[in-house]
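Novice: A single structure is presented below for examination.
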Amino acid sequence: MSTRERVTGIWLMAMTLLALFAFTCYFVAQMWLNILRAGYIALVVTQVTALTIYMWGPEKLKHRWQRVLYRLLYASSFFVIPAFLFIFMGLISQYHVAIPDSIPAEDLPVQEILPGERTTVYDTGAVYVIFPEYAEVNLVCETRPSKSDSSITWCSGAAFQHTVSLGFSQEDVEGDHAVKGTLYESPYNWDSFAAFTYADGRFAFDFDDPSGAIRAAAEAGGSGFMQFGLIRDGETVMGFDRPRARCYRTLAELNGHLCVIDSRRMMRFDEFMDEVRRLGVTNALYMDMGAGWNYSWYRNAADRVVTLFGLPVPWAHNWVVFQK
């Protein structure tokens, strides 16, 4: 066996193993896009087939089309590395970055966890409590907010999307929503949804008539969206659990102020809820998280953008932004 044949064999074995690992990462990262699943399955099949033909002996291929097919299968192995890097980034993007300039709050009385003059972050040991500086809060759809927009102090995913696709339609946003005075009604209003609205310089959570609240916000020129209601007047109203440990987020009212609460690390949902309740959150909405959906960043007191989850997948289409 020549050196070239040995190198080819090592390459094909390595790419087959990497393709299988990438497919495993796809499931762990929970990036449920049909085209991705098909792509990673195809990648595994092509690599296994190429390796099988190599081990059987490419010289035994008698027909020209068989030799051409083998070359194509071999060429596909060069897509394995970029495909793995993409899905691996999706996996590690689910881990929350540390926020070094956060204020230690493990022993701080809950009533002292309050916003500052600029964006302020507290670290309770279990969660980060983030008070973005803002003069208004808006929902942005379709075009992802730019980090170069110096007016934005916080950006993260907002409402659920009914379909995972590269194209965008307002109907794909689950729950009625308003964007700076424009109302979009949705065919996907679930009984467990509550509404967050911001209009006339005030934020509000509505659990009784979320559709009416969104409509009123639109009429007042404001914004709003629906999500699962989590806590209402200090009482837990979310009636289901999440099956696995991950990072969680809630848009909440704490000590009379609007904030975002992130788990510091991957944890079970009941652990996250225990900490949120300990803090005495008044009202809260569940925020979607997962690879790509947890894309978020904020502008710190030094006016520098801090990226918390950095994978901006092209099939995420709506975000909540705080603006000063």
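Novice: For Ala159, work out the one condition from (1) farther than 24 Å from Glu235 by Cβ; (2) assigned to a loop (DSSP other than H, G, I, E, B); (3) among the aliphatic types (A, V, I, L, M) it doesn't fulfil.
Specialist: (1)
Novice: Could you list, in sequence order, the residues of region 130-158 that are under 18 Å from the mean Cα position of the chain (by Cα) and either under 16 Å from Asn255 (Cα atoms) or exposed (fewer than 15 other Cβ atoms within 10 Å of the Cβ) (or both)?
Specialist: Of everything in region 130-158, those that are under 18 Å from the mean Cα position of the chain (by Cα) and either under 16 Å from Asn255 (Cα atoms) or exposed (fewer than 15 other Cβ atoms within 10 Å of the Cβ) (or both) turn out to be Ile130, Glu142, Thr143, Ser146, Lys147.
Novice: Exactly one of these conditions fails for Thr124: (1) over 22 Å from the mean Cα position of the chain (by Cα); (2) surrounded by fewer than 20 Cβ atoms within 10 Å (Cβ to Cβ). Give me its number.
Specialist: Failing condition for Thr124: (2).
Novice: If you scan region 114-136, which residues turn out to be assigned to a strand (DSSP E or B) and of a type in the set (S, T, N, Q)?
Specialist: Within region 114-136, Thr120 is the sole residue that qualifies.
Novice: Also, quick follow-up: Here are some conditions: (1) exposed (fewer than 13 other Cβ atoms within 10 Å of the Cβ); (2) over 21 Å from the mean Cα position of the chain (by Cα); (3) assigned to a loop (DSSP other than H, G, I, E, B). Gln111 meets all but one. Which one does it not meet?
Specialist: Condition (3) is where Gln111 drops out.
Novice: Only residues that are exposed (fewer than 10 other Cβ atoms within 10 Å of the Cβ) and either modelled with pLDDT of 85 or more or part of a strand (DSSP E or B) (or both): list them for region 234-254, please.
Specialist: Glu235
Novice: Right, something else. Looking at region 40-59, is at least one residue in contact (Cβ under 8 Å) with a residue 40 or more places away in the chain and within 21 Å of the chain's Cα centre (by Cα)?
Specialist: For region 40-59, residues in contact (Cβ under 8 Å) with a residue 40 or more places away in the chain and within 21 Å of the chain's Cα centre (by Cα): present.
Every residue, every condition in (1) among the aliphatic types (A, V, I, L, M); (2) more than 29 Å from Val164 (Cα to Cα); (3) buried (at least 23 other Cβ atoms within 10 Å of the Cβ), yes or no:
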| site | (1), (2), (3) |
| --- | --- |
| Gly256 | no, yes, no |
| Arg264 | no, no, no |
| Asp274 | no, yes, no |
| Arg278 | no, yes, no |
| Ser296 | no, no, yes |
| Val306 | yes, no, no |
| Gly310 | no, no, no |
| Trp315 | no, no, no |
| Phe322 | no, no, yes |
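Novice: Moving to a separate point now. May I ask you to say which residue of Ser156, Ser102, Ser146 is without any contact (Cβ under 8 Å) to a residue 40 or more places away in the chain and within 22 Å of Trp315 (Cβ to Cβ)?
Specialist: Of Ser156, Ser102, Ser146, the one residue that is without any contact (Cβ under 8 Å) to a residue 40 or more places away in the chain and within 22 Å of Trp315 (Cβ to Cβ) is Ser146.
The values are calculated or read from the model by the stated rules, or taken from the named source; none is laboratory data. Worth saying up front: this structure is predicted, and the values here are computed from it rather than measured. FYI the Cβ positions are ideal-geometry reconstructions off the backbone, even for glycines, and counts take in every protein chain you see.
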